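Asks: Quick one: the structure is below, and I'll ask about it shortly.
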Amino acid sequence: MKPQPARGRAESTSMPGGALGGALDRVLGRVLGRACDARVWAHQTAAVRIGMAGVWLLLLVHEFWRRERIWGPDAPWSWRLAEHSLDRSHAFSVLRWSGGALWFEIFYVLSVAVAVALLVGWRTRTASLLFLISVLSLDHRNENVLNAGDTIFRITAVYLVFTRCAQVWSLDARRRGRAPEAGDRTGVALWSLCGLVLTWATLLARLTGGWALLLWGCWAGQAVWRGVRGRPGVRRTLELIGHLLHNGAVAMMMIQLCLLYGSAGWYKIQGAPWQDGTAVYWSAGLDWLEPYPALSHALSSHALTVLALTYGTVLVQVAFPFSLLDRRVKNVLLALLFAEHIGIGLLLGLPYFSLSMIVADLVFLPTGFLVAAGERVAGPWRRPADGSGRPAPDARGAEAGLAARSTGSVGSAEGDGVTPSWRASC
């Protein structure tokens, strides 16, 4: 008899390649599925939105009585100096359109209103863009005020424009469950008003160049979005693009913070005070950054504490980017970073810098923690649907679904294509 070929051996030798290809297909499908899912990082972006808007609102209210001496016509950094600086840096500021006091007062009041709108999540797509304009305009009017906190504000405000940060904990999320988009008269009126302002600024040559293209593109995008609501295929494509922008912006926000901490830590290593463990001592002794002298002196008088804080700061900053590979280590280092920023705010008198860093770091918090915190905060204000004391469906429906998807309570880690460590870091 003619010997038969060894099929078992051939199949066994070909199976590893097929299994590897199938595994790669599954991994690629999971990655693409996660990248196209807008529900990922919904609570993190909402926390960053609320935090950034709240800190900016606190800054505007706190400096209200000194606003004219900081950003207004009476500022030592005069309008001509600001205009010269803007010409050199090609930065954007709405305050450049006029140097009068009336224009400044109107813009300042509108900035406060925009911060409130973003805080509560009202018309968030428009409010986030107006928030970016507010931050850039005031910061570029006088760049010598905010002690490096303005850098974090600018970066985070840019990324918030591309995120869907109002899926939870917002008035927009509540409205979507109650009123159809076709009857949104307020949205149409706001869109029309923004169009009139853009037309006025463009005709008077106040708005030119790349910013004109960006703002007009965002305005036209809203019109396209409303115009395709009757075409499911086109609308689905635009939704997919929005999901990719949302997840890409959050990923870039995380990368930016990792680069910030990593570069800050490695840069400190090169300094002699950080090498010999005395950097915290010298920092606490700066009289112009010493709001609480007794506290600073009490800290600097203990050599062992100064040594531990100096080396611990460098270690935490250098190790944080690598800690994203493990959930527990990341959470511990994140708590240490929060403590570090609180210490900087108290000892060096840099509250807005510390608050802006803490708010930006909220993007790394676990979803389960944010959901539990949101439930605890919103619990007393939720209206019961009936006499049973349970929350109304519109108050918990979308948030419960997003939380289940993000934390993996629906399905296993293998089922939704997210490993436990990656899920925890996001």
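Asks: Among rounded, prolate and oblate, which fits the stretch 103-204 when a ≥ b ≥ c are the square roots of the eigenvalues of its C-alpha gyration tensor, a/c under 1.5 means rounded, and a/b larger than b/c means prolate?
Replies: oblate
Asks: Once each part is reduced to its C-alpha centroid, what is the distance from the stretch 313-375 to the stretch 140-195 in angstrom?
Replies: 24 Å
Asks: Give the calculated FRET efficiency between Cys258 and Phe369 to the nearest 0.05, with a Förster radius of 22 Å applied to their Cβ-Cβ distance.
Replies: It comes out at approximately 0.65.
Asks: Right, something else. Using a/c under 1.5 as the rounded threshold, could you call the stretch 206-273 rounded, prolate or oblate? The axes a ≥ b ≥ c are square roots of the C-alpha gyration tensor eigenvalues, and prolate needs a/b larger than b/c, oblate otherwise.
Replies: Since a/c reaches 1.5 but b/c is at least a/b, the shape of the stretch 206-273 is classed as oblate.
Asks: If you don't mind, another one. So for the stretch 161-296, Kirkwood radius off the Cα pairs, Stokes-Einstein at 25 °C and 0.890 mPa s: how many µm² s⁻¹?
Replies: 122 µm²/s
Asks: Still on this structure, I have one more. Can you give the FRET efficiency for Ala113 and Thr305, using 1/(1 + (r/R0)^6), R0 = 56 Å, r = Cβ-Cβ distance, to the nearest 0.05?
Replies: Taking R0 as 56 Å, the efficiency between Ala113 and Thr305 is 0.80.
Asks: Once Lys and Arg get +1 and Asp and Glu get -1 on their Cβ, which of Ala117, Gly149, Leu95 lies farthest toward the positive end of the dipole of the stretch 80-202?
Replies: Ala117
Asks: Please give the charge dipole size of the stretch 240-379, origin at the Cα centre, charges +1 on K and R Cβ atoms and -1 on D and E Cβ atoms. Round to the nearest 20 debye.
Replies: 360 debye
Asks: How big is the charge dipole of the stretch 274-351 about its Cα centre, in debye rounded to the nearest 20, if each Lys and Arg gets +1 on its Cβ and each Asp and Glu gets -1 on its Cβ?
Replies: Rounded to the nearest 20 debye, it is 380 debye.
Asks: Let me ask you something else. May I ask you to give the percent of accessible area on the stretch 233-273 that is carbon plus sulfur, with a probe radius of 1.4 Å?
Replies: Reported share for carbon and sulfur atoms: 75 percent.
Asks: What does the extension gain come out to for Phe64 and Ala189, with contour length at 0.36 nm per residue minus their alpha carbon separation?
Replies: 42.0 nm
Asks: To continue, here is another question. Not counting ligands, DNA or RNA, and with a 1.4 Å probe, what is Leu299's accessible surface area in Å² rounded to the nearest 10?
Replies: Looks like 30 Å² after rounding.
Asks: Please work out how much accessible surface His90 shows to a 1.4 Å probe, ignoring ligands, DNA and RNA, in Å² rounded to 10.
Replies: Approximately 150 Å² for this residue.
Asks: Then there's this: Largest first, how would Ile70, Ile155, Ile241 line up by accessible area (1.4 Å probe)?
Replies: So, going from the largest accessible area down, we get Ile241, Ile155, Ile70.
Asks: Right, another one. Among Val120, Val306, what's the order by accessible area (1.4 angstrom probe), most exposed first?
Replies: The ordering from most to least exposed comes out as Val120, Val306.
Asks: Separate question: Would you kindly derive the ³J(HN,Hα) couplings of the stretch 362-367 from the backbone phi angles with the Karplus curve 6.51 cos²θ - 1.76 cosθ + 1.60 (θ = phi - 60°), listing them in order in whole Hz, with x for Gly and Pro?
Replies: Working through the residues one at a time gives 4, 5, 8, 5, x, 5 Hz.
Asks: Within the stretch 85-193, which trypsin sites (Lys or Arg not before Pro) sit in a loop by DSSP and count at most 12 neighbouring Cβ atoms inside 10 Å?
Replies: Answer by residue number: Arg178.
Asks: Would you work out which of Val314, Ala298, Asn247 lies farthest towards the positive end of the dipole of the stretch 195-316? Charges go on Cβ: Lys and Arg +1, Asp and Glu -1.
Replies: Farthest along the dipole direction, towards plus: Asn247.
Asks: What percentage of the solvent-accessible surface of the stretch 55-192, computed with a 1.4 Å probe over protein heavy atoms, is contributed by carbon and sulfur atoms?
Replies: Whole-percent figure for carbon plus sulfur exposure: 62.
Asks: Shifting gears a bit: For the stretch 84-220, what is the accessible area per residue in Å² when the probe is 1.4 Å?
Replies: 49 Å²
Asks: I would also like to ask the following. Please turn the phi angles of the stretch 234-242 into ³J(HN,Hα) values with the Karplus equation 6.51 cos²θ - 1.76 cosθ + 1.60 (θ = phi - 60°), one per residue in order, whole Hz, x for glycine and proline.
Replies: Per-residue couplings from phi come out as 5, 5, 5, 5, 5, 5, 5, 5, x Hz.
Asks: How big is the accessible area of Trp103 in square angstrom, nearest 10, if you roll a 1.4 angstrom probe over the protein chains?
Replies: We get 70 Å² for Trp103.
Asks: Something else: Going by accessible area, probe 1.4 Å, with all protein chains left in place, what is the ranking of Trp288, Trp225, largest first?
Replies: Result, largest first: Trp288, Trp225.
Asks: Work out from phi, with θ = phi - 60° and the Karplus expression 6.51 cos²θ - 1.76 cosθ + 1.60, the ³J(HN,Hα) of each residue of the stretch 247-258, listed in order in whole Hz, and give x for Gly and Pro.
Replies: In residue order, the calculated couplings are 5, x, 5, 5, 4, 5, 4, 5, 4, 4, 5, 5 Hz.
The values are calculated or read from the model by the stated rules, or taken from the named source; none is laboratory data. The shown structure was predicted, so the numbers you read here are calculated from the model rather than taken from an experiment. As a convention, Cβ positions derive from the backbone with ideal geometry for all residues, glycine included, and neighbour counts pool all protein chains shown. Heavy atoms of the whole protein, side chains included, go into the accessibility calculation; ligands, DNA and RNA do not. Shrake-Rupley method; radii C 1.70, N 1.55, O 1.52, S 1.80 Å.
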